[in-house]
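Novice: Before anything else, here's the structure in question.
The numbers here are math on the coordinates, done by the rules we state, and not lab data. Just so you know, these numbers come straight off a predicted model, no measurement behind them. Please note: Cβ atoms are built from the backbone with ideal geometry, for glycine as well, and neighbour counts cover all protein chains shown.
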């Protein structure tokens with residue numbers, strides 16, 4: 001994901017105001033307000049509080065162990081060294097995985113013939129499992145073997161080729177494809193960081209404007225160093241468009257939901273001096289001639305910033321999306337048995353996964369399951385079962401949170417608890433969400449794959 005400065009930033013800079021970008025469930029503050037130091041500090045304090053009050057991971061894993069499940073932290077839609085608009089490398093991503101405890105990386109290389117994306121990193125790399133794939137034709141594709149010859153053909157041919165064996169496809173950038181059918185598709189993104197960014201342009205304009213004022217770049221860098229997760233998450237909204245599509249599709253089929261990091265490490269804002277009268281602004285993936293010019297006469301604060309500098313000097317740099325921060329922003333937790341490609345693919349295809357904004361609170365230990373009248377576990381998230389009287393939907397969270405249960409896309413129960421129970425009285429597609437109060441805002445935290453009761 002990139003901020004697309006080269007397309008439109010200057011046209012908006014002079015018209016920027018304090019208008020609210022739009023309302024979203026739980027949101028009280030605009031993104032520029034969210035990045036005020038007091039609000040960043042408030043969000044950080046809440047995240048620290050939640051993580052320090054988590055229930056024992058060992059205790060929470062007792063049910064996982066009984067069901068022979070392990071929680072593997074993964075990311076989907078990861079870009080590294082795959083295109084001109086990607087700033088990060090596979091080696092950098094691997095280092096970030098080690099720092100964050102990430103265990104599985106589903107790569108999403110852009111298709112660049114004659115290179116075959118299936119020839120990229122695959123298998124275990126220093127304890128991290130890499131699974132090759134591509135972002136192409138509207139999907140994240142993860143075939144078993146090369147589908148190079150089908151990549152340029154009709155969509156139907158690509159779907160058929162990828163589906164051979166244990167190959168998987170996920171609808172990507174759903175906001176652009178709400179009317180696409182999912183025939184032959186494993187699942188879809190249920191959150192994508194890119195959509196939050198593109199739906200909230202005011203924060204970028206705010207940051208660029210601030211960088212043109214003396215002392216502001218240093219202040220922002222200080223905030224970024226102190227509150228990196230909270231700053232990057234300022235654009236976070238509940239993914240209405242994605243959830244509405246998901247809820248509609250799951251009425252008639254099982255659709256595995258995954259989170260899309262869409263990480264490239266390309267959100268590094270750079271302000272450079274062009275000459276005595278002009279600065280240029282862009283990102284770490286832009287050449288100088290791709291950056292946008294900022295004349296000193298229109299941005300008088302630049303004169304002080306440029307004092308003592310020469311042409312080509314970097315005046316300010318703000319790294320918003322290093323891989324560790326992107327990983328913490330959203331992860332997909334896969335519930336499986338073993339850390340190998342075959343087992344992970346099987347778990348994902350079954351929908352045995354949940355998506356989480358881990359920076360708010362480590363979600364490990366979360367589980368949603370269905371019990372029969374005699375207390376037997378008959379299904380976990382992603383499973384499909386026939387309706388029987390006496391079913392109880394249960395969910396366990398590591399901290400007390402606001403729990404929402406949706407049936408066929410409609411909220412049927414809400415509660416504030418760490419241990420949730422709901423008596424199921426009718427057929428339907430039931431999914432669980434967990435929300436946390438962060439800086440006096442309700443923010444969505446966990447999105448579980450549904451249990452299908454037919």
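Novice: Taking Cα atoms, how many degrees apart are the long axis of helix 216-226 and the longest axis of the chain, rounded to 10 and kept between 0 and 90?
Specialist: That works out to roughly 30 degrees.
Novice: With r as the distance between the Cβ atoms of residue 412 and residue 89 and R0 = 45 Å, compute the FRET efficiency 1/(1 + (r/R0)^6) and round to 0.05.
Specialist: For R0 = 45 Å, the calculated efficiency reads 0.45.
Novice: If we sort 229-238, 414-423, 179-188 on the protection proxy, mean other Cβ atoms within 10 Å, highest first, what's the order?
Specialist: For the peptides 229-238, 414-423, 179-188, the packing ranking is 229-238, 179-188, 414-423.
Novice: With just the Cα atoms defining each centre, how far is the range 184-244 from the range 328-400? Give it in Å.
Specialist: So the two Cα centres are separated by 28 Å.
Novice: Equivalent-ellipsoid semi-axes (√(5λ), Cα gyration tensor) for the range 268-319, whole Å, largest first?
Specialist: Semi-axis lengths for the range 268-319 are 17, 11, 10 Å.
Novice: Another question, then. In whole Å, how far is the Cα centre of the range 96-112 from that of the range 38-54?
Specialist: 27
Novice: Provide the FRET efficiency to the nearest 0.05 for the residue 425-residue 198 pair, computing r from the beta carbons and using R0 = 45 Å.
Specialist: With a Förster radius of 45 Å, E is 0.65.
Novice: Just order 329-337, 342-350 by mean Cβ neighbour count inside 10 Å, highest at the front, would you?
Specialist: Highest to lowest by the protection proxy: 329-337, 342-350.
Novice: Working from Cα positions, state the angle (0 to 90°, nearest 10) between the long axis of helix 37-52 and the longest principal axis of the chain.
Specialist: Value to nearest ten degrees: 30.
Novice: What does the extension gain come out to for residue 387 and residue 244, with contour length at 0.36 nm per residue minus their alpha carbon separation?
Specialist: Result: 49.1 nm gained on full extension.
Novice: Under the rule of -39500 (n - 2.57) per DSSP H run of 4 or more residues, summed and divided by the residues of the chain, what mean residue ellipticity at 222 nm is obtained, to the nearest 500 deg cm²/dmol?
Specialist: -7500 deg cm²/dmol
Novice: Something else: With a ≥ b ≥ c taken as the square roots of the eigenvalues of the C-alpha gyration tensor of the chain, please select rounded if a/c is under 1.5 and otherwise prolate if a/b is larger than b/c or oblate if it is not?
Specialist: Prolate.
Novice: Would you mind calculating the gained length between residue 98 and residue 124 on full extension (0.36 nm times residue separation, minus the Cα-Cα distance), in nm to one decimal?
Specialist: 8.1 nm
Novice: Further, regarding this structure: Give me the number: length gained by fully extending residue 311 to residue 144, i.e. 0.36 nm times residue separation minus the C-alpha to C-alpha distance, one decimal in nm.
Specialist: 55.1 nm
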